[in-house]
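Read the structure below first, then the notes.
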Amino acid sequence: MEFSAADGHHFRTHEEIALARPASIRVEAVAPFGATMVLAADDAGRLMIFDPSRNVLMSGDANAATLARYVNIPLAPPAAVDLLMGLPPDPAQLATPPDTVAESEGMTLMTWRMSDGGTRALGFTQAGGGSGELGMVRESDRAGATRYEVRYGDWRDIGGVEFPLKVEAGFSSSRIALRYQAPALNPTLAPAMFVLTPAPGTRQISIDAGGAAAPGAAG
């Protein structure tokens with residue numbers, strides 16, 4: 001994963017990512033000597049982040065604000081999971097006719113108006129709407145300003161399922177680029193993978209309240 005921000009902040013890191021719809025995410029930032037950060041969000045809407053270097057476990061609500069702060073993706077967990085999987089943020093939207101259809105940038109661009117006055121555009125790399133590969137998702141506000149834009153590329157057949165190995169996402173003040181290596185699709189993932197349990201002596205902090213708790217006991 002490569003991250004860059006409008007303020008000039010830039011870094012690259014290797015991550016191990018597990019995703020399960022609708023809203024479960026686990027991210028481990030890894031280095032030669034082990035994980036440097038572990039983040040988990042579950043379908044119940046809880047986010048937990050473990051910092052091994054400080055033996056600190058932070059927890060709070062999983063929402064667009066906390067995902068923006070800790071994984072650089074300012075989206076609610078269900079939308080983040082779908083976008084990281086190469087799926088439209090609202091797959092049911094494809095069952096309704098788009099408000100406009102146009103050819104642009106070598107894609108069939110289908111645009112829907114959203115209930116908040118903004119728009120969501122899906123670009124497919126082949127004519128025929130949903131029969132092609134998803135090349136782009138762009139969401140704009142009612143004034144036409146882009147909230148985010150995600151580009152997909154290098155689609156591969158993995159066990160009979162098409163999956164994009166390249167994902168590039170641009171937000172209002174940051175950009176991330178992901179290059180997947182050796183993805184495994186549709187494995188059985190235990191719910192416990194998306195919950196972090198504190199070890200004895202681990203300091204626990206609520207990121208909702210911003211206060212520290214006493215060292216945690218093993219769960």
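The values are calculated or read from the model by the stated rules, or taken from the named source; none is laboratory data. Treat the numbers as computed from the prediction; the structure is a model and nothing was measured. Here the Cβ is made from the backbone with ideal geometry for all residues, glycine too, and neighbour counts use every protein chain on show.
Rundown of residues vs (1) more than 25 Å from L19 (Cβ to Cβ); (2) in contact (Cβ under 8 Å) with a residue 40 or more places away in the chain; (3) part of a helix (DSSP H, G or I), yes/no style:
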{"residue": "L75", "(1), (2), (3)": "no, yes, no"}
{"residue": "L83", "(1), (2), (3)": "no, yes, yes"}
{"residue": "L87", "(1), (2), (3)": "no, yes, no"}
{"residue": "W112", "(1), (2), (3)": "no, no, no"}
{"residue": "G123", "(1), (2), (3)": "no, no, no"}
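A Cβ distance below 6 Å, combined with a sequence gap of six or more or placement on separate chains, defines the contacts here; from the stretch 132-143, residues that are without any contact (Cβ under 8 Å) to a residue 24 or more places away in the chain reach residues that are in a strand (DSSP E or B) and not hydroxyl-bearing (S, T, Y) in the pairs R138/A121; R138/E149. Taking the options A79, A102, name whichever one is outside any loop (DSSP other than H, G, I, E, B) and closer than 24 Å to A20 by Cβ. Among A79, A102, only A79 is outside any loop (DSSP other than H, G, I, E, B) and closer than 24 Å to A20 by Cβ. Counting only residues that are over 30 Å from R21 (Cα atoms) and either modelled with pLDDT of 90 or more or in a loop (DSSP other than H, G, I, E, B) (or both), the stretch 204-214 holds 1 of them.
Tell me yes or no: at least one residue of the stretch 137-154 is of a type in the set (D, E, K, R), in contact with a Leu (Cβ under 6 Å, 6 or more places away or on another chain), part of a strand (DSSP E or B) and modelled with pLDDT of 90 or more. The answer is yes; a qualifying residue exists.
Selection over the stretch 60-81 of residues that are surrounded by fewer than 20 Cβ atoms within 10 Å (Cβ to Cβ) and under 18 Å from S140 (Cβ atoms) gives a count of 2.
The residues on offer are T125, T96, T100, T108, and the sole one that is modelled with pLDDT of 95 or more and touching a strand residue (DSSP E or B) at 6+ places or on another chain (Cβ under 9 Å) is T100. Condition test on L84, is it in contact with a Leu (Cβ under 9 Å, 6 or more places away or on another chain) and buried (at least 20 other Cβ atoms within 10 Å of the Cβ)? For L84, the condition - in contact with a Leu (Cβ under 9 Å, 6 or more places away or on another chain) and buried (at least 20 other Cβ atoms within 10 Å of the Cβ) - is met. Only one of the numbered conditions (1) within 16 Å of I176 (Cα to Cα); (2) more than 12 Å from the chain's Cα centre (by Cα); (3) in contact (Cβ under 8 Å) with a residue 12 or more places away in the chain; (4) not in a strand (DSSP E or B) is not met by E15, and that is (4).
Would you check which residues across the stretch 20-37 are hydrophobic (A, V, I, L, M, F, W, C), part of a loop (DSSP other than H, G, I, E, B) and exposed (fewer than 15 other Cβ atoms within 10 Å of the Cβ) and list them?
Result: F33, single match.
Hey, does the stretch 51-59 have a residue that's assigned to a loop (DSSP other than H, G, I, E, B), modelled with pLDDT of 95 or more and out of contact with any Gly (no Cβ under 9 Å at 6 or more places or on another chain)? Among the residues of the stretch 51-59, not one is assigned to a loop (DSSP other than H, G, I, E, B), modelled with pLDDT of 95 or more and out of contact with any Gly (no Cβ under 9 Å at 6 or more places or on another chain), which makes the answer no. If you filter the stretch 24-40 down to residues that are hydrophobic (A, V, I, L, M, F, W, C) and closer than 20 Å to A184 by Cβ, you find that the one that is modelled with the lowest pLDDT is A35.
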